[in-house]
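Here is the structure we will look at.
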Amino acid sequence: MNIIVCIKQVPGTTQVKINPETGTLIRDGVEAVVNPFDEYAIEEAVRIKERIGGTVKVISKGPPQAEIALRSAIAMGADEGYLITDRALAGSDTWATSYELSHGIKKLGAFDLIICGKQAIDGDTAQVGPGVAEMLGIPFVAWVRKVEEVSAMSIRVERMMEEGYEVVEMPLPGLITVVKEINTPRVASLKGKMRAKKLEIPQLTFASLDADPNRVGLKGSPTQVLRSFVPQRKTGGEKVSGTTEELVEKLKTTILELGVIK
Amino acid sequence: MSIRVDLEKCIGCKLCVRACAQNAIEIIEKKATIDLAKCNFCGACIEACKKYQAITITKDSAAGGIDLSVYRNIAVFVEQREGAIHGVSFEVLGEGRKLADALGEKLVAVVIGHAIKDKAEELIKYGADRVVFMDGPDLSSFRDDTYATLVADYINAEKPTIFLAGATAVGRSFIPKVAARVYGGLTADCTKLEVDKEKRLLLGTRPAFGGNLMATIICPHHRPQMATVRHKVMKPAQRDAGRAGEFVHQLIEAGKISERTKIIKVVKEAESTVNITEADIIVSGGRGMQKPENFQMLRDLAQVMGGAVGASRAAVDSGWVPYSHQVGQTGKTVCPKVYVACGISGSVQHQAGMSSSDYIIAINNNPDADIFQIANLGIVGSALEVVPALTQALKAALGR
């Protein structure tokens, strides 16, 4: 089974804070990490490989330092890594990124399954997985929380919905996007890290993509950011402490006054 | 596309350095320098430098060259589940109507389903000037390829200038496919939609970085301009019995569009039938509840108040309640009349899911918990003690 995993390097946002004086984002010392949802994708790909054999190739589009993310994936058990990087591709929105990734994937040879994370935690759009599937002309299932069965011809998965889940069967080649409920990503082994350190990661520039220059980068992007701003935070009301009796009395009075209970 | 720092205006204060998600800015000889290889033109630095306005982005005119004037009217995808119109679609219609009025265009509702002609026609009363009902025996439940093809074909034939849909599991699944196919500009999960009347552009505002940053997105040179809208953020359209409009009934024969994926089974997983997105009162629990057994006291309080039970991501991740109860950035967005947060610290991601509630009560024994920043009433105390006592007090007061 030839599996391809698409990953993105993103800022580690757990440390993101807002500077209370200026209202701007503080990114001091925030390192770049593999997009958390992509770690689940890498783990699932490696598990499938361990179960039924095959290869796992990881591909990413980004600036040169995204190579670090690819090496993390290799350390977890991916076999090969590829980086699509070129100044001409800067400023891509999700449409252009899907276009660039699908062209890069076409250069990697035949594949059976593509696994992506549900969304990137910086952009939060969840559009590239579906976009890549569409541009490659393959079916896809989003929000997969479990792979029940996978064979050369098809895959059966549990797709997470708002009130439960659906069991869906899809023919291969196909693409799935995964959510964090699917597995627990492994910690890379020492052997994996050493392999990752030495492995050559080919770079695909614009020239090697066989792509239309009008459809990549900012030029090819239908959407643009007009402006970014830090959201206004709601401010709190009163805060009370006291004995349990006092607190309960305050709560009861307030709730009854609100008049919402039928 | 280029970005430059005006060295006369830059004072080397480093606010831009700290705002940059790509670590693309450095201070060299007291002036900001931007590494173009790392910059993704997101504009966060421009926002950070609003005092000195030292950074500017110049955009080249994009390729495209399509005749934008051919694209008219606002179209919205109306979602139905098991024959009932999904609540988010009324919100999308409400927004669509505002945009249509602002631009002097018509509003078209596109419905895909089966045997719901009456409900589809009703949408005229909710603001649609025209309803296109695609009716077929195999269209009653969501099917990826079928819905995507029907909507993409509609867009290619009718050329709406704006196309909207709800950001539900269904919408977020197939609308990106449609956008990829028709080369439209899609902005996901919008919390606000506005229009630039002069340029006739849709402005979609949405959260990024888990809600820490808002971005306003435009689609200047491609059509349609597309957006998915988060449920329970915008006001639903109100029914106007006097409205008239056009009803187009399209019969789609079975098997017309080949469907590659197959649904084998549908499993519902919620503790009760109360859908928290529709509830007026929500009693929600987080890590501070300490054990799954303690969620029973939240259920008891919810029952007395006539509400639903919600949970933070921590509680769901620990397996205490199913995901369908999760409130937050990666869960549901709710806006009840009263939200009672018990043992929830109130991270940015949780707040993103409930901050628009009418009245927020927080019970937490950590006085510095973030939740107190947005609570109308903050109770500093142990939820494990306060909640059961409150349930008893309310029962007594209500005579239940």
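What is the distance in Å between the Cα centroid of region A:88-120 and that of region B:190-237?
The distance from the Cα centre of region A:88-120 to that of region B:190-237 comes to 24 Å.
Which cysteines in chain B lack any other cysteine whose Cβ sits under 4.7 Å from their own Cβ?
Here B:CYS10, B:CYS13, B:CYS20, B:CYS39, B:CYS42, B:CYS49, B:CYS190, B:CYS219, B:CYS335, B:CYS342 come out as lacking a disulfide-compatible partner, given the Cβ-Cβ threshold of under 4.7 Å.
HN-Hα J couplings of region A:194-203 from phi, Karplus 6.51/-1.76/1.60, θ = phi - 60°, integer Hz, Gly and Pro as x?
Going residue by residue, I get 5, 5, 4, 5, 8, 5, 7, 10, x, 9 Hz, with x marking Gly and Pro.
Which of rounded, prolate, oblate describes chain B, given a ≥ b ≥ c as roots of the alpha-carbon gyration tensor eigenvalues and a/c under 1.5 marking rounded, otherwise prolate only if a/b is larger than b/c?
Oblate shape, in that a/c is at least 1.5 and b/c is the bigger or equal ratio.
Kyte-Doolittle mean at least 0.5 and Cα extent at least 30 Å along the axis: which DSSP H helices of chain B qualify?
None clear 30 Å together with a mean of 0.5.
First check a/c for region B:68-251, with a ≥ b ≥ c the square roots of the eigenvalues of its C-alpha gyration tensor; if it is under 1.5, answer rounded, and if not, answer prolate when a/b is larger than b/c or oblate otherwise.
Numbers: a/c = 1.40, a/b = 1.28, b/c = 1.09.
Verdict is rounded for region B:68-251.
Roughly how many whole Å is it from the C-alpha centroid of region B:376-394 to that of region A:158-190?
39 Å
Could you work out, residue by residue across B:178-184, how many beta carbons of other chains sit within 10 Å of that residue's beta carbon, and then give the average as an integer?
If you average over the peptide's residues, the count of other-chain Cβ atoms is 5.
Using DSSP loop states and a limit of at most 12 other Cβ atoms within 10 Å to flag GluC sites (Glu not before Pro), what is the longest stretch of chain A containing no flagged site?
Of all site-free stretches, the longest is A:32-199.
Based on alpha-carbon centroids, what's the gap between region B:79-141 and region A:197-215 in Å, whole number please?
After rounding, the separation between the Cα centres reads 44 Å.
Taking each residue in B:379-391, count the Cβ atoms of any other chain within 10 Å of its Cβ, then average. What number comes out?
Mean shielding count: 4.
Quick one: grab the alpha carbon gyration tensor of region A:136-262, order the square roots of its eigenvalues as a ≥ b ≥ c, and give me rounded if a/c is under 1.5, else prolate or oblate depending on whether a/b is larger than b/c.
Because a/c hits 1.5 or more and a/b exceeds b/c, region A:136-262 counts as prolate.
Inside 10 Å of the C-beta atoms of B:20-30, what's the mean count of C-beta atoms belonging to other chains?
Numbers: counts 4, 10, 9, 8, 1, 1, 0, 0, 0, 0, 0.
Taking all residues of B:20-30 together, the mean is 3.
Filter the trypsin sites (Lys or Arg not before Pro) in region B:138-222 to those in DSSP coil with at most 12 other Cβ atoms within 10 Å of their Cβ, and list the result.
When the trypsin sites (Lys or Arg not before Pro) of region B:138-222 are filtered for loop state and at most 12 Cβ neighbours within 10 Å, B:LYS197, B:LYS199 remain.
Using only Cα atoms, find the angle between the long axis of helix A:244-258 and the longest principal axis of chain A, and express it within 0 to 90 degrees, rounded to the nearest 10.
80 degrees
Would you compute, from DSSP H runs of 4+ residues alone, the mean residue ellipticity of chain B at 222 nm, taking -39500 (n - 2.57) per run and dividing by the full residue count, rounded to the nearest 500?
Working: 10 runs with 99 residues, N = 400.
Rounded to the nearest 500, the figure is -7000 deg cm²/dmol.
On a 0 to 90° scale, report how tilted helix A:94-106 is relative to the longest principal axis of chain A, with both axes built from alpha carbons and the result rounded to the nearest 10.
30 degrees
May I ask for the net charge around B:VAL92, where only other residues with Cβ less than 14 Å from the Cβ of B:VAL92 are counted and Lys, Arg are +1 while Asp, Glu are -1?
Its environment carries a net charge of +3.
For region B:191-274, which GluC sites (Glu not before Pro) pass both filters: DSSP loop (anything but H, G, I, E, B) and at most 12 other C-beta atoms within 10 Å?
B:GLU198, B:GLU253
Size of the dipole of the protein assembly as shown about the Cα centre, Lys and Arg at +1 and Asp and Glu at -1 on the beta carbon, nothing else charged, in debye to 20?
Its charge dipole is roughly 920 debye.
Report, by chain and number, residues whose modeled amide H sits under 5 Å from the one on B:GLY285, excluding near sequence neighbours (fewer than 5 apart, same chain).
Placed amide hydrogens put B:GLY310, B:ALA311, B:SER312, B:CYS342 under 5 Å from B:GLY285.
Tell me what chain A gives for mean residue ellipticity at 222 nm when only DSSP H runs of n ≥ 4 count, each as -39,500 (n - 2.57), the sum divided by the residue total, rounded to 500 deg cm²/dmol. Show your work: numbers first, answer last.
On the way: 7 runs with 76 residues, N = 262.
Roughly -8500 deg cm²/dmol at 222 nm, from the helical runs in chain A.
Tell me the trypsin sites (Lys or Arg not before Pro) within region B:1-37 that lie in a loop according to DSSP and have at most 15 other beta-carbon atoms within 10 Å.
Within region B:1-37, the qualifying trypsin sites (Lys or Arg not before Pro) (loop, at most 15 other Cβ atoms within 10 Å) are B:LYS9, B:LYS14, B:LYS30.
The numbers here are math on the coordinates, done by the rules we state, and not lab data. What you see is a predicted model; the values in this text were computed from it and never measured. Heads up, the Cβs are rebuilt from the backbone with ideal geometry, glycines too, and the neighbour counts pull from every protein chain shown.
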